[in-house]
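Asker: Following this message is one structure expressed as structure tokens.
No value in this document is a laboratory result; all are computed from the given coordinates. Keep in mind it's a predicted model, so treat the numbers as computed, not measured. Note that each Cβ is placed from the backbone with ideal geometry, even for glycine, and that neighbours are counted across all protein chains shown.
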Amino acid sequence: MTLALVTGSSGLVGSETAFFLIDRGFEVIGVDNNERKNLFGIDGDTARITKKLIKHSRSYKHFSFDITKKNDLEKIFKKNKNKISFILHSAAQPSHDWAKSNIIKDFKINAIGTLNMLELTRLYSPLATFIFTSTNKVYGDNPNKLKFIEKKSRWELKKTDKFYNGIDENLSIDQCTHSFFGASKVYADLLSQEYNKNFGMNVACFRAGCITGPNHSGAKLHGFLSYLVKSCIKYKSYNLIGYKGKQVRDNIHSSDLVRAFWEYYKKPVKNSVFNIGGGRYSNCSILEAIEYIEKKLQIKIKKKIINKPRIGDHQWYISDIRKFKKNYPNFGLKYNVPKILDEIIEAETE
């Protein structure tokens, strides 16, 4: 069997990747200490996903290691060394809001944890393909400097705007306001690039928009569509934080994202920073998502408007994925927002 190492293996992206690789004949080592439960409470608990993975296949081995503790991770690398061909590093502290409450812990998880993984890969498994899940938050609030038009249910750009098809990789990540989460991910993002350039390792950096799907343990502080659906169904209410609820996000299903990882694994390229997301094919505003849920379930959602946006939050963000598609022309998105929402609704109403 080919061996893969997945951090954050019980999270949305990690578990999707683990199942995907197992079904393609990989033996998968998963690393996840369910820190989401400590960060976000019961809503963030991923224990059910860990149990599901262990039950799914004997090819899956789970370790509840903390990625900030290099010595524990090193045990895995020392034992398996060059057997490891695929590494996905998706473990992270993923919340805008939470990071500000504990800046040091956020940095340790996102920055030091990534450094540990990259350095151990260099020392023990330098030929492995290493995929890092970065974020669009590395751009800080630079996307907010675009010239938006206010429409009934969303902010939008003119079709003549050079960013109409989305934000590309050339937008500056400098001279702007980041959340502390964004700042720690910037460090990890740049480290990933330098391990690619300085050491010639196959390290790819995927700057994702909103990643979602029915396996997401969405919580108030993280997991846009998942938590929105959960809140609308359970409480018949949702808080619109800033921008009148018209802020736009592209949404990529976790299975589409994993297929993108697979394309890179099969044919690594050197210029490997990619913006990845739903693009123009799969995006919505908060108001549009709520309206879809109301119509689908024939319910009325109470909307509470909070005028002040979160620091570093995006008013509008759609990913321009043309660079990735140029390198991998056979890749295409299978999920759009309605299909994604239908899956999440079904999972929440079972």
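Asker: Compute a Gaussian network model of the chain, connecting alpha carbons closer than 10 Å, and tell me which residue from GLU194, GLU169, GLU156 fluctuates the most.
Answerer: GLU194
Asker: Tell me, what is the percent relative contact order of segment 224-350, built from C-alpha pairs under 8 Å that lie six or more residues apart?
Answerer: Worked out over segment 224-350, it gives 43 percent.
Asker: How big is the C-alpha Rg of segment 276-350 next to the rule-of-thumb value 2.2 N^0.38 Å, as a ratio?
Answerer: 1.37
Asker: In addition: Which order do the peptides 60-71, 29-40 come out in when sorted by mean C-beta neighbours inside 10 angstrom, highest first?
Answerer: 29-40, 60-71
Asker: How large is ³J(HN,Hα), in whole Hz, for each residue of segment 293-300 in order, when computed from phi with the Karplus curve 6.51 cos²θ - 1.76 cosθ + 1.60 and θ = phi - 60°, using x for Gly and Pro?
Answerer: Working through the residues one at a time gives 5, 4, 5, 5, 9, 6, 10, 10 Hz.
Asker: Which entries of LYS61/LYS323; LYS158/LYS244; LYS37/LYS137 show an alpha-carbon separation above 25 angstrom in the structure shown?
Answerer: On the way: LYS61/LYS323 35 Å; LYS158/LYS244 20 Å; LYS37/LYS137 23 Å.
Over 25 Å Cα-Cα: LYS61/LYS323.
Asker: Would you mind checking the pairs LYS81/LYS325; LYS151/LYS339; LYS55/LYS230; LYS295/LYS334 and listing those with alpha carbons more than 29 angstrom apart?
Answerer: LYS81/LYS325
Asker: Under a crude label model (7 Å from the Cα following the beta-carbon direction), how far is LYS61 from PHE331 in nanometres?
Answerer: Each label point lies 7 Å from its Cα, and together they span 3.0 nm.
Asker: Fewest first, what order do PHE132, PHE224, PHE86 take by the number of other Cβ atoms within 10 Å?
Answerer: Starting with the residue having the fewest Cβ neighbours, the order is PHE224, PHE86, PHE132.
Asker: Using the basic label-point model (7 angstrom from Cα toward the beta carbon), what is the ILE299 to TYR235 distance in nanometres?
Answerer: 1.3
Asker: Summarise the long-distance tail of P(r) for the chain by giving the % of C-alpha pairs beyond 26 Å.
Answerer: Distances greater than 26 Å cover 46 percent of the Cα pairs.
Asker: What number do you get for segment 156-278 when its Cα radius of gyration is normalised by 2.2 N^0.38 Å, N = residues?
Answerer: 1.24
Asker: If one computes the Cα centroid of segment 288-321 and of segment 1-26, what distance in Å separates the two points?
Answerer: Spelled out, the Cα-based centre of one part sits 31 Å from the other.
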